[in-house]
1. Considering region 122-154 alone, what residues qualify as being within 8 Å of ligand 2 (Cβ to nearest atom) and on the phi > 0 side of the Ramachandran plot?
2. I'm trying to understand the selection: among the residues of region 56-70, which are surrounded by fewer than 18 Cβ atoms within 10 Å (Cβ to Cβ) and more than 15 Å from the chain's Cα centre (by Cα)?
3. Return only the number of the condition from (1) at positive phi; (2) in a helix (DSSP H, G or I) that Leu119 does not satisfy.
4. From the list Cys153, Cys133, which one is at pLDDT below 90, out of contact with any Gly (no Cβ under 7 Å at 6 or more places or on another chain), of a type outside the set (Val, Ile, Thr) and surrounded by 14 or more Cβ atoms within 10 Å (Cβ to Cβ)?
5. Can you list the strands (runs of 3 or more DSSP E) found entirely within region 1-105 that contain at least 3 residues being of a type in the set (D, E, K, R) and in the same structural domain as Val115 (by TED's automatic domain parsing)?
Amino acid sequence: MVEHWIGLTHLPATGREFSFEDQGLWRELWKEFHFDFEAMAPMLSTLFIVPQADGFLIHGSIKGAVKASCHRCLEDANVELDHTFDTFEAHEDVEALEGEESHLRATDAGWELNVAGLLWEEFLLAMPEKILCADTCLGLCPHCGKNRNLEQCACCNLDTQSPLARALQGVKIKTN
Ligand SMILES: [Zn+2]
Ligand SMILES: [Zn+2]
């Protein structure tokens, strides 16, 4: 997997902020995990890292905007990201059994953090479970596959419904 290690050896006891503006990192990550995403606004991340006796306290943020496919109509959807998180990377997790994900490693020069691994984990948490171009997206017609945001097809019975029924149908879709 894509890795980007930073040294954590000379951190002041009060902590230090790192910021990451390398857009190439995100392009590599999306490619590796087969996400058909594109940055619509620069992806900016910060990590404020405070050393502790047994690990590192991390307060981070990821901001930006991503172009992805709407889960209902498959057209472009713009997802704004403004994610903050708090996490703790423990020294002992490095020794943990396989399957326990640690973003730390110990080198001769001291502790290092894999920023790519940590940011990717948080990016996945920040993305909405259901990506929509709009809350009101009508999606594709299940019968003929036409995009119902753009046209009403003959097989869609929405035509014959009152505006209220149509609105209620929209509400029903929304709570799915
Ligand atoms: Zn849509
Ligand atoms: Zn149809």
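The values are calculated or read from the model by the stated rules, or taken from the named source; none is laboratory data. Owing to the predicted nature of the structure, the values given are computational and were not obtained by experimental measurement. Please note: Cβ atoms are built from the backbone with ideal geometry, for glycine as well, and neighbour counts cover all protein chains shown.
1. Gly145
2. Leu57, His59, listed by residue number.
3. Answer for Leu119: the failing condition is (1).
4. Step by step, each of Cys153, Cys133 is checked, and only Cys153 is at pLDDT below 90, out of contact with any Gly (no Cβ under 7 Å at 6 or more places or on another chain), of a type outside the set (Val, Ile, Thr) and surrounded by 14 or more Cβ atoms within 10 Å (Cβ to Cβ).
5. The qualifying strands (runs of 3 or more DSSP E) are 76-90.
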